[in-house]
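No value in this document is a laboratory result; all are computed from the given coordinates. All figures in this text were calculated on a predicted structure; none of them were measured in a lab. Every residue, glycine as well, gets a Cβ built from its backbone with ideal geometry; the counts of neighbours run over all protein chains shown.
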Amino acid sequence: MHYFVTGATGFIGRRLVKALLARRGTTVSFLVRAGSEGKVGDLLAFWGTTKARAIPVTGDLTAKKLGVSADALKAMKGNIDAVFHLAAVYDLSADEESQVRVNIEGTRNLVEFAKAVDAKHLHHVSSIAAAGLYEGVFREDMFDEAENLEHPYFSTKHESEKIVRTESKVPWTVYRPAFVVGDSSTGEMDKIDGPYYFFKLIQRMRQFLPPWLPSVGLEGGRINIVPVDFVVACIDHISHLHNRNAIAGKAFHLVDPKGYRVGDVLDIFSRAAHAPKMNLFVNAALLGFIPKSVKKGMMALAPVRRIRRAVMKDLGLPEDIFTFLNWPTRYDRRALDAVLEGSGIECPDLHDYAWRLWDYWERHLDPALFIDRSLRGQVAGKVVLVTGGSSGIGLATAHKFAEAGATTIICGRDPDKLDEACAEAKAKGHAFIAYPVDLAEMADVDRFVALLLEKHGGVDFLVNNAGRSIRRAIESSYDRFHDYERTMQLNYFGCLRITMGLLPAMVARKKGHVVNISSIGVLTNAPRFSAYVASKAALDAWTRCASSEFADQGITFTTINMPLVRTPMIAPTKIYNNVPTLSPEEAADMVAQACIDKPVRIATRLGMFGELLHATVPRVAQIVMNTSFRMFPDSSAAKGDKAGAAKPQLSAEAVAMQQLMRGIHF
């Protein structure tokens, strides 16, 4: 037997050719676009054969008679037992022009080719989309009854099948597969399509919610899913039935006999992903009750359109995906059941292989896998400024940026410490550019900004790390108002001064990222840190305003509500020796992550819990924080005691709390 196949390089085509070649004495000629001959070697290896049995034929689906040369047509004339037409655009989001060119004109060219070589049979792989969004049960002997064909994917699939039915001079058989997913045994798939569009949403739910938490899903219409191995097995079996007349002029629905509602499918894959199970379903048909005028009016609002586009892009969903949530069609498959009887070919149950599809997607197709999430990929060759970069978090962060190939600038008040930091960098095989500056002095900040603009043209990444912390109860600060003034001067005004000085250059380039090192205390309202928390809270509020103003100019901001870090800044408070803290390197990892992913906020679970507690049960939060306030007293220095005074003794309750919170970073 000698077959000719289009789309042999595609997902279904490659597997069908392999199945055809598995039959004794079979030869397959397959269409290859000019310039794509380099793929032939891999195809032959996949099929486990040579060019003696798998013969590449150069041509073009969009050309008359597939653009096959006259000599090749002459050699094949009368020798082709069957033509299998699989080449098509299967992507719902593809543009209309390409779908018309390939699906409609390509099919017409294929029909002409089949006649030119006097093929004995034409097997056309169509789609359930040929039925459009038909209301009710669509039988295999129905075609003209298709309705709601406005979408290009439906209309071109319908039209291409019509061409086969009305223009083919060769006996034909049509196959209408449902949404084709990966192999039921291996999960292998080559693209994101159909139900795969929702995998990113399910993954996000798993990241943020525990698997035991019930969630709400959309019930939706019925969606039919079949694995590729079932589709291939059906086509291979039907095309080799001894009585070809029994299948000539017929269509077969290659569908799952069960079919599932959209909500059921989402729930099955949520379970496969160990994400929250969808226990409550809202009927998506309810969306249809919203008047079109209201929908149109909402979408006319620029903020609504931008939010919708951002969400859809983030989740990898095509713009018109919601058109198909209320899929109204069910597919009869009695003709398929009749020809499969006794063959042993059955459609696998989605529950049994969903986990394989999920596993393969997460390992091989997840779009996040193809994003360069390395720090080097983000900052190599870019200019990065780390304030307070001569020690602690700043120094550890600067090392990371320099190692990643960034032009790393550090600044600080002490020239000697800056020199030591530069020497440390040199010893590690990289370099810093160091500038002395006092960020609490506005005139000095202005001088520094002018210098940065002159020598470096501004910066691409700004890490506002320099800061001052004071741990002292308010009752010990009645005569120390200057504590609040100097803390605000550096932590808020100094940070704003340098940021606002560098923002115009970022705006001019339409890109830039600012990382502000805030504190977990802003979320938990930590007692004894009123000066420090207030200054960081002011910075947080300004950052939220700025991020909104610059959202459309390519400038992004990340606030890091940093937990306690073991740096020289906390060394005087001996009580912290017994409290879990991050190392500067771990804190630097958080800064690196802020520059890679550019989230709005990075915070620990304890910090988020504290914020939630204050928002929902503020009185309880006050009691908790007051209890800790009384447990852990001011240090001797904060009380104004002279050096050598007795160290504060922790109560039994304080020691017990430390043990209970072991491993939780404050």
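Among 505-512, 547-554, 102-109, 82-89, the peptide with the highest mean count of other Cβ atoms within 10 Å heads the list, and the full ranking is 82-89, 102-109, 505-512, 547-554.
Mind checking the log10 I(q)/I(0) for the range 113-153 at q = 0.29 Å⁻¹? Debye, one equal scatterer per Cα, no solvent, two decimals. Log10 of I(q)/I(0), two decimals: -0.99. Each of Asp416 and Glu403 was given a label point 7 Å from its Cα along the Cα-to-Cβ line. The distance between the two points is 2.8 nm. Figure legend: label point modelled 7 angstrom from the Cα of Arg480 along Cα→Cβ; residues of the range 512-531 with amide N under 13 Å from it are 528-531.
Working value for the range 454-537: equivalent-ellipsoid semi-axes of 31, 13, 8 Å, each the square root of 5 times a Cα gyration tensor eigenvalue, largest first.
Note on Trp355 and Asp71: their simple-model spin labels are 5.6 nm apart, each label 7 Å out from Cα toward Cβ.
Across the alpha-carbon atoms of the range 472-513, the computed radius of gyration and Dmax are 16.3, 49 angstrom. Among the chymotrypsin sites (Phe, Trp or Tyr not before Pro) in the range 189-265, those placed in a DSSP loop whose Cβ has at most 16 other Cβ atoms within 10 Å are Trp212.
Candidate cross-link partners of Lys277 among the aspartates and glutamates, defined by an alpha-carbon separation under 18 Å and a same-chain spacing of 8 or more, comprise Glu219, Asp264, Asp267, Asp352, Asp359.
Loop-located trypsin sites (Lys or Arg not before Pro) in the range 377-465 (DSSP state not H, G, I, E or B) with no more than 13 neighbouring Cβ atoms inside 10 Å: Lys428.
When only Cα pairs below 8 angstrom with a gap of at least 6 residues are kept, the range 387-477 shows a relative contact order of 29 percent. Modelled spin-label separation between Asn245 and Thr166, with each label point placed 7 Å from Cα along the Cα-to-Cβ direction: 2.8 nm. Rounded to 0.05, the FRET efficiency of the Ser36 and Arg447 pair, given R0 = 51 Å and the Cβ-Cβ distance, is 0.25. Counted residue by residue at 0.36 nm each, then reduced by the alpha carbon distance between them, the extension gain from Ala427 to Ala45 reaches 132.4 nm.
The Phe208 and Ser583 beta-carbon pair, evaluated with R₀ = 25 Å, returns a calculated FRET efficiency of approximately 0.40. What the Kirkwood sum gives for the range 1-177 is a hydrodynamic radius of 16.5 Å, with every pair of different alpha carbons counted. For the peptides 592-603, 175-186, the ranking by packing is 175-186, 592-603, with the highest mean count of neighbouring Cβ atoms within 10 Å listed first. Each part reduced to its alpha carbon centroid, the range 96-167 and the range 483-543 end up 61 Å apart. How many angstrom lie between the C-alpha centres of the range 51-93 and the range 410-455? Rounded to whole Å, the Cα centres lie 67 Å apart. Whole-Hz Karplus values for the range 410-421 come out as 10, 9, x, 7, 9, x, 5, 5, 5, 4, 5, 5 Hz, taken residue by residue from phi with 6.51 cos²θ - 1.76 cosθ + 1.60 and θ = phi - 60°; glycine and proline positions read x. Between Ala368 and Asp144, the C-beta separation translates, for a Förster distance of 60 Å, into a calculated FRET efficiency of about 0.85.
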